[in-house]
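Below: one structure, written as structure tokens.
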Amino acid sequence: MVDAANTVTPDRQRVELAALSAPAVLFTLAMIAFPLAYTVWLGFHAFSSTGRQSFTGLGNYSKLIADTEFWHGLWVTLALYLLSLVLQLVLGIWLAMLLFNAKRLPGIVRSLFISPFMMPPVVAGLMWLVILDPSLGAANYILQAAGLPPSDWLASPIWVIPTIALIDTWQWAPYVALIVLGGLQSLPASVYEAAQIDGASAFTTFRRITLPLLLPTIVTAVILRSVDLLRFFDIIYITTQGGPGNASNTLNIYGFRVGFEFFNIGYASALMLTLTVIVFGVVLAFNRLRGAVAW
Amino acid sequence: MDHTPLSESWIKRFNVVQLVLAGILIMSPTAWMVLSSFKPSFEVTAYPPTLILSPTVENYSQLMKMTPFFSYAINSMIVTLGSAGLGLLFGIPAAFAVSWTRISWPAVLTLAARMAPGTLFLLPWYVMFREVGMIGSYTALVLSHAVITLPIVIWVLLPSFDNIPRSIFEAAQVDGCSITRILWKIAMPLVGSGIAVAAILSFVFSWNYFLFALVLSNGDSKTLIAAAFNFVGEGSTQWGALMAAATLIALPPLMLAAIVQRWLVSGLTLGAVKG
């Protein structure tokens, strides 16, 4: 590529290219890598109420293993993660198929269908807080009009996790749909024609052809949603702040409260590092899976 | 057996029914929010809930009276535009260099911010910014939000730069153009729409971001999103004003989303899916 006619030497080029990416790299190191190292350091320290710090070694981590609130938080995190993920995948794929088949839908309507996830999650939380109000909300009115018993929704320790999963699904199933729609549009039309000639029904075509071919796209959607769901924060903090009691106290909410409400920075660092390891572990596992299902 | 024209038209009808159902499920909560914001106060909390009878803007005027909504909006604008600008300033040359060299680690490095929980960075930032007295400053907020915008800019622009034929750059090099000059004079004009999408997505996600401002802002620098959290406590009995605030806060990102909806797939999956 770079031939002798060039007046610019390769060395000079290399320096120039490095200089172009230097601001982004230095910024990321300063804002992420260095603070991350600092968090690791903080995780080995205990902080007294007056802000004095002392080295505790693995003290925060042995505290974590003995902390029932940590294990409860892990359970809440995983329950919310799996429930939301399944709901969002099923409804997202359903919505993608609908939009894929509705080719004449005007662009503006299409963008309304996928609009929820562009809304601030905080706004989504506020909105649903009003709709799901146990005594005056529209949701209970609809339930009762249909002859069903009303629910306490976010105020119920039993229903709070499914309810939060429902709110997040309302917001992010359209995002899954958008990704799957991209995958659908890139599938070769020839496979459908072959299936049609063979007389396959719509359901068989979906199950035997579309779904397997879509698998890499679906795994991508799973990875992107996993990253967000495992560190779920905004909607919970705006609606329940981990309550009622500690029923929706995910690890991220718990770590935040330990750090910024009880100002136990050292223990909060240990909690957040543990959560980060979990997130990266899940992402790496699914990334492997994506390699296995690629075609 | 189910391939007669009759059953096919039924399948089509069934699709339309499902589409309408999905549309109602997706749009009615937002519609309810907007509707509630225009209801007179006695009707917002009426039970059974009513559809609108006499629309009013009293909730909006009350919101402006109750809270410094306008100055929160200015704060949000400063933080959002500042962080989107910083993301573009650092991200455009980095994306170009990654696309040129095919050395991808700088781009992957910025993705770390997309993966780790925000609280992980927030703990050390809080300690560090407090140390230098920058809690509540616009600088701290802009810097923290640029962590969100930078990977968006880089990963939206990477495919755009990749799509430019290499021969264009080589011809310019033969003429003695430096790489920086090629980026400025040739590549950037060619990826103009990509830069626009990157800017808009950066704006939306920076505007929407809650966690950093929750801790790093103070009364004077609070963004709209962080302020909205306080509205819940204050406005628990004032649903109308609460919904007016929610509607106004959601308006800018929703309007921008409508503009870029065609490019959303590649932009939002950070290169994982080619839309």
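Take residues that are among the acidic types (Asp, Glu) and tell me which of the helices (runs of 4 or more DSSP H) falling wholly in the range B:57-140 contain 3 or more. Step through it out loud before you land on a result.
Working: elements: B:58-66, B:69-101, B:105-115, B:118-131.
Output list is empty.
Determine whether the range B:110-119 contains at least one residue that is over 19 Å from the mean Cα position of the chain (by Cα) and within 11 Å of chain A (Cβ to nearest Cβ). Write out each step before concluding.
So in the range B:110-119, the residues over 19 Å from the mean Cα position of the chain (by Cα) come out as B:119.
Now narrow it down to the ones that are within 11 Å of chain A (Cβ to nearest Cβ): B:119.
Yes: the range B:110-119 contains one or more residues that are over 19 Å from the mean Cα position of the chain (by Cα) and within 11 Å of chain A (Cβ to nearest Cβ).
Report yes if B:Met27 is under 17 Å from A:Ile142 (Cβ atoms), in contact (Cβ under 8 Å) with a residue 40 or more places away in the chain and outside any loop (DSSP other than H, G, I, E, B), otherwise no.
Considered against the rule, which asks whether it is under 17 Å from A:Ile142 (Cβ atoms), in contact (Cβ under 8 Å) with a residue 40 or more places away in the chain and outside any loop (DSSP other than H, G, I, E, B), B:Met27 comes out as no.
Answer yes if at least one residue in the range B:8-23 is among the acidic types (Asp, Glu), more than 10 Å from chain A (Cβ to nearest Cβ) and more than 23 Å from the chain's Cα centre (by Cα), and no otherwise.
Restricting attention to the range B:8-23, the residues satisfying the condition of being among the acidic types (Asp, Glu) are B:8.
From the residues that got through so far, the ones that are more than 10 Å from chain A (Cβ to nearest Cβ) too are none.
No; the residues of the range B:8-23 include none that is among the acidic types (Asp, Glu), more than 10 Å from chain A (Cβ to nearest Cβ) and more than 23 Å from the chain's Cα centre (by Cα).
Where residues in the range A:203-228 are exposed (fewer than 15 other Cβ atoms within 10 Å of the Cβ) and under 20 Å from A:Leu99 (Cβ atoms), which of them is nearest to the other protein chains (Cβ to nearest Cβ)?
Selected residue: A:Phe203.
Taking B:Phe96 as meeting all but one of (1) touching a helix residue (DSSP H, G or I) at 6+ places or on another chain (Cβ under 6 Å); (2) in contact (Cβ under 8 Å) with a residue 60 or more places away in the chain; (3) more than 9 Å from chain A (Cβ to nearest Cβ), write down the number of the exception.
Status for B:Phe96: all satisfied but (3).
Do you know which residues across the range A:6-35 are surrounded by fewer than 19 Cβ atoms within 10 Å (Cβ to Cβ), within 24 Å of A:Gly259 (Cβ to Cβ) and at the interface with chain B (Cβ under 7 Å from one of its Cβ atoms)?
none
Among the numbered conditions (1) farther than 30 Å from A:Arg225 by Cβ; (2) more than 8 Å from chain A (Cβ to nearest Cβ), tell me where B:Leu89 comes up short.
(2)
I'd like to check something: does the range A:182-193 contain any residue that is among the acidic types (Asp, Glu) and either touching a His at 6+ places or on another chain (Cβ under 8 Å) or farther than 30 Å from B:Glu8 by Cα (or both)?
No, that holds for no residue.
How about the range A:104-202: which helices (runs of 4 or more DSSP H) wholly inside it have at least 1 residues that are within 24 Å of the chain's Cα centre (by Cα) and more than 9 Å from chain B (Cβ to nearest Cβ)?
Qualifying helices (runs of 4 or more DSSP H): A:160-185.
Quick grid of which residues meet (1) more than 9 Å from chain B (Cβ to nearest Cβ); (2) within 30 Å of A:Leu213 (Cα to Cα); (3) outside any helix (DSSP H, G or I):
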{"position": "A:Arg257", "(1), (2), (3)": "yes, no, no"}
{"position": "A:Ala270", "(1), (2), (3)": "yes, no, no"}
{"position": "A:Thr276", "(1), (2), (3)": "no, no, no"}
{"position": "A:Gly281", "(1), (2), (3)": "yes, yes, no"}
{"position": "A:Gly291", "(1), (2), (3)": "yes, yes, no"}
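Just a yes or no: is a residue in the range A:259-279 under 21 Å from A:Trp153 (Cβ atoms) and surrounded by fewer than 20 Cβ atoms within 10 Å (Cβ to Cβ)?
For the range A:259-279, residues under 21 Å from A:Trp153 (Cβ atoms) and surrounded by fewer than 20 Cβ atoms within 10 Å (Cβ to Cβ): absent.
No value in this document is a laboratory result; all are computed from the given coordinates. Fair warning: this is a prediction, and the values are worked out from it, not measured in the lab. Glycine also receives a Cβ, built like all others from the backbone with ideal geometry; neighbour counts cover every protein chain displayed.
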